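This report refers to the structure that appears directly beneath it.
The values are calculated or read from the model by the stated rules, or taken from the named source; none is laboratory data. These numbers were taken from a predicted model, which means no experiment stands behind them. Positions of Cβ are generated from backbone atoms using ideal geometry, with glycine treated the same way; all protein chains shown enter the neighbour counts.
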Amino acid sequence: MKNLNLDSKELYFLPLGGSEQFGVNFNLYAHKGQWLAIDFGIGFADERYPGIDILLPDPQFLEDRRDDLAGLVVTHAHEDHVGALPYLWPRLKCPIWCTPFTASVLRRKFSESPECRDAVITEVNAGDKVKAGPFTMHFVHVAHSIPDTVAVVVETKAGRILHSGDWNLDPSPVINGPTDEKSIKEFGDRGIMAYIGDSTNAGVPGRSGSESDVEKGLTALFGEIEGRIAVTMFASNIGRLRSICRAARAHGRHVALVGRSLHSMSASARDCGYLGDVPPFLDFEDIDDLPPEKIVLAVTGSQGEARAALARIARGDYEGIKFRRGDTVVFSARPIPGNEAHINEVCNNLVDAGVRVVSWHSTHHKIHVSGHPCQDELADMYHWARPALVIPVHGERANLEAQADFARSCQIENVIVPRNGSVIRLSGRPEIVGEVETGLLAVEQRRVLPSDHVAIVERRKLQYTGTIHVTIVLDRRGDLAAPPQVSTMGLFDPDDKKDARVIADMKIECEDILEDLSRDQRASDTLVQEEVRIGMRRYINGLLNMKPKTTVHIVRI
Ligand SMILES: [Zn+2]
Ligand SMILES: [Zn+2]
């Protein structure tokens, strides 16, 4: 990072993740030489990261300044806001503030990582005020698709900002109340310099709707289904789980949970006093004791995740549950962009087994609402908070630009669209004043790597090109002591006669290349390796128009 010269009297905003993609939300504020972090989430890796499921924001910038880090606020317990903590909190070791449900989820996660055992989590509630260094934080309740979500008003000597986190304006949520309009208006009266917030649905006109309508929709839909019902949804959507339970009860059905994350999320919900009006869930072992028309299964895996319960049941790979003709699977969630192919695969497996699939777009009943604000809700928020500046975050470039356009159409004085790494001065005349390096980390089973690590870059190439390995044994005089060995991966089938002949020809090509080199040239490993590598690649390129990754080993005896 070059020339980051911050004036300690001013207030700055610096997103290190989440402002160019969905996920990896990681936002910083700077004032009087100190930093405040808001959210620290994961992102899901796509096919550009073979072997990787999870991406993390690179915390290096903040780690280098951790002595000046006042702490970290987590707005809610969605993975894209909290998921990086178990991996990376040990590199920051800072105080954490979050609401009780988020704290419960986080403690469960931390209990599985020994390095996080000494983390201090301070529980706060909406309405609370906390001082951390030069920052005073006020927590404001907002409605979202997970309990106990808060927005944060950050107050400093340089001004007051509203960092929204994820929210919508559900007029009658089934868990917690609606977004706290009164508090936002009061802060608006006192003056909000900047609103920094959710762009997920900024391109969508209208309103996101209400979870209460989903309860009605599910109740009506269940009334039309005779056999066993399975509903898949986000495990953390406790409001949805309650809607499913109430819809089930309306038709004399009992609910069983299927999938680990549903068990842990519902345990956190019960810890926090939610789901009190919902009867105990049916034990998994008792499912077969009841007739199909008495059962609703709540199942994890609405995004088609290969290891989640739904995909496994659909593949016939889940002990204790088999879907069959007469069963109905209801998708009470929308695909996160990028997950469509996985979801389709699950649906096709279900349909193959004779299962009826109902998705949010294939029924006239309302069975899903988004937890993110659409345009009419953004307009209300701008109207309540009256910020002079709007900074769209939480989304891909198109989502951020959509909120920017919409904010301008709402006569917001100033709009700045950040990139990850943009250093934005919020006080005085707001502008981007610098840029810091950002990056992503990739989580493997046993290690965490930079996402541009050579191992991942090579793996990505190998997917498309295959490999050639050549071993050449040379004697003291530089002559071949044995025929060259050639093996390939991802190119040929060695058991196929024609392919085996190509590999044999490659060996002859190798011998020809060596023959064309002088004895002096053959004395150099580097030269021999390079000549053989180029020759082999040229050979395959001529044959297949592909440039495989080629390695050449030289053994001298
Ligand atoms: Zn989010
Ligand atoms: Zn969220």
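For Val150, the conditions (1) farther than 20 Å from Ala194 by Cα; (2) of a type outside the set (S, T, N, Q); (3) at pLDDT 95 or above are fulfilled apart from (1). Only one entry of Val470, Val528, Val454 meets the criterion of being loosely packed, with under 12 Cβ neighbours inside 10 Å and at pLDDT 95 or above, and that entry is Val454.
Test Asp189 against the stated conditions and say whether it is under 24 Å from Asp80 (Cα atoms) and at pLDDT 95 or above.
no
Restricting the search to strands (runs of 3 or more DSSP E) fully inside region 144-236 and requiring at least 2 residues that are within 16 Å of ligand 2 (Cβ to nearest atom) and closer than 30 Å to Gly252 by Cα gives an empty result.
Report yes if Ile313 is under 30 Å from Phe44 (Cβ atoms) and part of a helix (DSSP H, G or I), otherwise no. The answer is yes for Ile313. The set of residues in region 406-430 that are outside any loop (DSSP other than H, G, I, E, B) and loosely packed, with under 14 Cβ neighbours inside 10 Å comprises Arg408, Ser409. Please determine whether any residue of region 378-387 is at positive phi, away from ligand 1 (no atom under 16 Å from the Cβ) and not small (Gly, Ala, Ser). Yes; the residues of region 378-387 include at least one that is at positive phi, away from ligand 1 (no atom under 16 Å from the Cβ) and not small (Gly, Ala, Ser). Scanning region 244-296 for residues that are in a helix (DSSP H, G or I), buried (at least 19 other Cβ atoms within 10 Å of the Cβ) and among the aromatic types (Phe, Trp, Tyr) returns no hits.
Where strands (runs of 3 or more DSSP E) fall wholly inside region 1-71, the ranges with 1 or more residues that are in contact (Cβ under 8 Å) with a residue 40 or more places away in the chain and more than 29 Å from Arg459 (Cβ to Cβ) are 12-17, 26-31, 34-40.
What residue, of Val433, Val473, is among the hydrophobic types (A, V, I, L, M, F, W, C), closer than 30 Å to Ala158 by Cα and touching a residue at least 24 places away in the same chain (Cβ under 8 Å)?
Selected residue: Val433, the only one of Val433, Val473 that is among the hydrophobic types (A, V, I, L, M, F, W, C), closer than 30 Å to Ala158 by Cα and touching a residue at least 24 places away in the same chain (Cβ under 8 Å).
Taking region 51-99 as the range and being closer than 16 Å to Gln34 by Cβ and either within 16 Å of ligand 2 (Cβ to nearest atom) or in contact with a Lys or Arg (Cβ under 6 Å, 6 or more places away or on another chain) (or both) as the test, the residues that pass are Glu63, Val73, Leu92.
State whether one or more residues within region 164-175 are touching a His at 6+ places or on another chain (Cβ under 9 Å), of a type in the set (Gly, Ala, Ser) and away from ligand 1 (no atom under 16 Å from the Cβ).
no
For region 18-37, a residue qualifies if it is in contact with a helix residue (DSSP H, G or I) (Cβ under 9 Å, 6 or more places away or on another chain), within 16 Å of ligand 1 (Cβ to nearest atom) and either within 14 Å of His163 (Cα to Cα) or modelled with pLDDT of 95 or more (or both), and the qualifying residues are Gly18, Ser19, Val24, Asn25, Phe26, Ala37.
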